[in-house]
Amino acid sequence: MTATHFRIYVKDVGAADCNIDERVLVALERAQGLGQLNPLPCKLPVGCRRGGCGICKAKIVTGEFLRTPMSRSHISVDDEQAGFVLSCSIYPRSDLLLKLECSTKTGTKGKKVISNEEENQ
Amino acid sequence: MAHTGVLRPGFIQLRVLDMPSAITHYVDRIGLHQVSEGPDGRIYLKSADEFDHHSVVLRRADSAGMDVMAFKVAKDSDLDRFEKRITDYGYVVDHIPPEEQPGIGRRIGFMLESGHRIELFAHAEQSDPKPLTLNPDVWDYEPHGMRARRFDHALLYGPNVEKNLDFFCNVLDFSCTETVGPTGNLIAVFLSAGMKAHDIAFANYPSPGKLHHISFELENWNDVGHAADIIARYDISIDIGPTRHGITRGQTIYFFDPSGNRNEVFAGGFTFYPDHPIRTWDEGHVGKAIFYYERVLNDAFLSVVT
């Protein structure tokens, strides 16, 4: 029988269920809403969900996935070869282990806000 | 009020990662019409409620974002007049020949200190569909999708917002309608060439040349709700809304095209006259300024751009 959904393991955080036709980031958003990604060290970085803004950059440690277009401004050829993706633009084809590239920093109001580790360009 | 010089936004050229899905989005969902496809693959789109040849250009590229936003001026001699003023201001002006985009006359172009390319043109052929002019029915073909009536404005992110403010007001004769933040350290500026609450806006951001959103005008709040139904039905990536902006008072939804470029559809907004004072929002009210009902910024507003 062909699998229709997979487990997305987020390194040091938890795991989410993801359908084969679902963007990995969207599955992570749902899992966060259900409290399944505690303790996520930072709020899940969700932006355009369509491969353009680069905020959901992640590194795939293990697993197979289907890739859809993502901006070269955020995933260079070198990044791609090193296993980096925008998690909004991949669909699972096996269980995946990934590492989020987000970092936390304290904003002016003491509220934790998300930023990419590197300057978007 | 005599409306001379810069009339309005003319077109914006967007980069998209995948052309077929972009066409489906802007034509079937937003409600634009495809006018033509250029020999280089660029796609030219318009609303049926616009007269001019096109208002949105899609270019296939490896990164999302915008190439250029162009404004239409009243007459050809305005291009020479503005070229002198822009050159005198210290910016380098280049020239794009007629028909580099179909139906558009000669253009002059220059780079803002925020890293955005702006162009001016005076001539545009008309294209179908367009508004009727003899005993005009409200439309020739019934509107489809979100029923967008025009490409209305763009919010651009980059450095040197106050330099852009000075340039647009003192060289292109725009008016500043609203600002956010303290004088001397403005967070955002809203600029109008006519009587709309804004035709272009800029927000301070460290990376140059970024696109926050392009916006399409809808007829009313009911159409904003209809647009929200389309966003849900077709699983379009939502950012926020329906809600209202304190700035401009527009009723709005933010969402993303299939390449991650943020779109807005909105209705309403105040009428601006050039004798009106600037409306200002201080930092303590920035949440209400941007999202009037939520009264707080979402994470994406300040950080998600293409």
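The values are calculated or read from the model by the stated rules, or taken from the named source; none is laboratory data. Since this is a predicted model, take the numbers as computed values, not measurements. Glycine also receives a Cβ, built like all others from the backbone with ideal geometry; neighbour counts cover every protein chain displayed.
Things to note:
- Scanning the stretch B:249-300 for residues that are of a type outside the set (Val, Ile, Thr) and free of Cβ contacts under 8 Å to residues at least 24 places away in the same chain turns up B:PHE256, B:ASP275, B:PRO277, B:GLY284, B:GLY287, B:ARG295, B:LEU297, B:ASP299.
- The single condition among (1) touching a Pro at 6+ places or on another chain (Cβ under 9 Å); (2) closer than 17 Å to B:SER237 by Cα that B:GLN251 does not satisfy is (2).
- Taking the criterion of being part of a loop (DSSP other than H, G, I, E, B) and either within 14 Å of chain A (Cβ to nearest Cβ) or out of contact with any strand residue (DSSP E or B) (no Cβ under 8 Å at 6 or more places or on another chain) (or both), the residues of the stretch B:257-274 that qualify are B:ASP257, B:PRO258, B:SER259, B:GLY260, B:ASN261, B:GLY269, B:PHE270, B:THR271, B:TYR273.
- Of all residues making up the stretch B:181-195, the number that are surrounded by fewer than 20 Cβ atoms within 10 Å (Cβ to Cβ) and within 16 Å of B:HIS3 (Cβ to Cβ): 2
- Meets criteria (surrounded by fewer than 22 Cβ atoms within 10 Å (Cβ to Cβ), over 17 Å from the mean Cα position of the chain (by Cα), within 14 Å of chain A (Cβ to nearest Cβ) and in contact (Cβ under 8 Å) with a residue 24 or more places away in the chain) for B:ILE240: yes
- Output for the stretch B:275-297, where each listed residue is crowded, with 18+ Cβ neighbours inside 10 Å and within 14 Å of another protein chain (Cβ to nearest Cβ): B:VAL286
- Leading residue by the ranking (farthest from B:PHE256 (Cα to Cα)) among those in the stretch A:61-107 that are of a type in the set (Val, Ile, Thr) and modelled with pLDDT under 95: A:THR106
- Filter pass, B:GLY115 being at pLDDT 95 or above and at positive phi: yes
- Leading residue by the ranking (surrounded by the most Cβ atoms within 10 Å (Cβ to Cβ)) among those in the stretch B:263-274 that are modelled with pLDDT of 95 or more and over 22 Å from B:ILE12 (Cβ atoms): B:PHE270
- Subset of the stretch B:113-152 (residues that are in contact with an Asp or Glu (Cβ under 8 Å, 6 or more places away or on another chain) and within 24 Å of B:LYS210 (Cα to Cα)): B:ARG117, B:LEU120, B:ALA148, B:ARG150, B:PHE151, B:ASP152
- The stretch B:213-229 residues that are free of Cβ contacts under 8 Å to residues at least 40 places away in the same chain, paired with ones that are among the hydrophobic types (A, V, I, L, M, F, W, C) and crowded, with 21+ Cβ neighbours inside 10 Å (beta carbon under 7 Å, 6 or more apart): B:ALA228/B:ILE253
- Candidates in the stretch B:52-72 are the residues that are within 14 Å of another protein chain (Cβ to nearest Cβ) and of a type in the set (Asp, Glu); of these, the one that is surrounded by the fewest Cβ atoms within 10 Å (Cβ to Cβ) is B:ASP62.
- Filtered by the rule that a residue be small (Gly, Ala, Ser) and under 14 Å from B:ASP62 (Cα atoms), the stretch A:38-82 gives A:GLY51, A:GLY52, A:GLY54, A:SER71, A:SER73, A:SER76.
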